[in-house]
Amino acid sequence: MTDLATPTPGTRALVLGGGGVAGIAWEVGVLSALQDAGVDLDAADLVVGTSAGSVVGSFVRAGAVAQAYEQQHAPLPSTYVEPERIAGEDFQERLLQVLAGATSEQDARARLGAVAQQVVTGQSDEERVATFSETLPSAEWPAKPLALTTIDALDGAFRVLTAESGVPLPRAVASSCSVPFVWSPVHIDGVPHYDGGLRSATNADVAAGYERVLVVACGPEGPSPLGPWLDLAVESLRAGGSSVETIVADSGAQHAFGDNSLSLSTQAPSATEGRRQGEAAAEAIAAFWA
């Protein structure tokens, strides 16, 4: 957990969580509705993106949320190759086996990193970096603060990448999206890194010290041995003086995600469900954000 700082009045943070291809679509649906209601998302003093949220955060900072929403219904040609589906219960069972006996959150993440490095199927890290280079609105880091989460697969250290980290944006996004058991880690300066969403699907604690924090999460999070889940992070943020609002994917959205959130077939229905949830929350979020 990051150290809590005293919030500075007037500072706002937008936190975007992980959720695969479906999560990207749902989040841009939510954000497009908020934008249409007058919520100036790019006015955020910080945008935090984890996994799917790293992609969406890049669109937010590029002022391209509306464009991203349209693309969910008419996807552009892409070199993305859908990985083989892993059933949710199988993923959780394998995760529990890997984490058995872990002595700390970082040790648990290091154990998972060791297993992640054994994956040899699917697109290589270079192929995935190339795909993000094609699909992101820009290959350059934005001028305004964007923080993307990833995990060092060797020692389990949690990293928050920014423009100052010196990592090309498509590689930073690819590392944040590299799901263990599905894809091999993405190398940064020769060191393998995997999905920051395995510490927390949202990593909302990265926004500590901001007066107002809006969290967009693709589902509820339960207690985890890997890091601070959403409820714990929100509790800590509020204890530190931050005001926090959350938008969490509801049952309708979860139905649209289906049983394979990495499938391109989830894009249109998930975006539509996100738009519905965003419209329902827009009035309250507009007042909170202002």
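Quick notes on this structure:
- Screening 246, 162 for residues that are under 22 Å from residue 141 (Cα atoms), polar (S, T, N, Q) and open to solvent by 10 Å² or more (accessible area, probe 1.4 Å) leaves exactly one candidate, 162.
- In the set (1) touching a Pro at 6+ places or on another chain (Cβ under 9 Å); (2) outside any helix (DSSP H, G or I), residue 67 fails one condition alone, (2).
- Scanning the stretch 70-95 for residues that are in a loop (DSSP other than H, G, I, E, B), closer than 21 Å to residue 130 by Cα and touching a residue at least 24 places away in the same chain (Cβ under 8 Å) gives 75, 76, 78, 79, 80, 81, 82, 83, 84.
- Of all residues in the stretch 99-136, those that are open to solvent by less than 50 Å² (accessible area, probe 1.4 Å) and of a type in the set (Lys, Arg) total 2.
- Evaluating residue 87 against the criteria (1) modelled with pLDDT of 95 or more; (2) under 27 Å from residue 274 (Cβ atoms); (3) open to solvent by less than 20 Å² (accessible area, probe 1.4 Å) leaves one unmet condition, (1).
- From 232, 154, residue being open to solvent by 30 Å² or more (accessible area, probe 1.4 Å), in a loop (DSSP other than H, G, I, E, B) and either touching a helix residue (DSSP H, G or I) at 6+ places or on another chain (Cβ under 6 Å) or not charged (D, E, K, R) (or both): 154
- Enumeration of residues in the stretch 259-290 that are open to solvent by 50 Å² or more (accessible area, probe 1.4 Å) and not in a helix (DSSP H, G or I): 259, 290
- Residue ID - farthest from residue 149 (Cα to Cα), chosen from residues in the stretch 49-82 that are open to solvent by less than 20 Å² (accessible area, probe 1.4 Å) and out of contact with any strand residue (DSSP E or B) (no Cβ under 8 Å at 6 or more places or on another chain): 72
- The condition of being closer than 20 Å to residue 27 by Cα, open to solvent by 20 Å² or more (accessible area, probe 1.4 Å) and part of a helix (DSSP H, G or I) holds for only one of 206, 173, that being 206.
The values are calculated or read from the model by the stated rules, or taken from the named source; none is laboratory data. Since the structure is predicted, the reported quantities are computational estimates derived from the model, not experimental observations. In this analysis, Cβ positions are derived from the backbone assuming ideal geometry, glycine residues included, and neighbour counts consider all displayed protein chains. Only protein heavy atoms, including side chains, enter the accessible area calculation; ligands, DNA and RNA are left aside. Shrake-Rupley method; radii C 1.70, N 1.55, O 1.52, S 1.80 Å.
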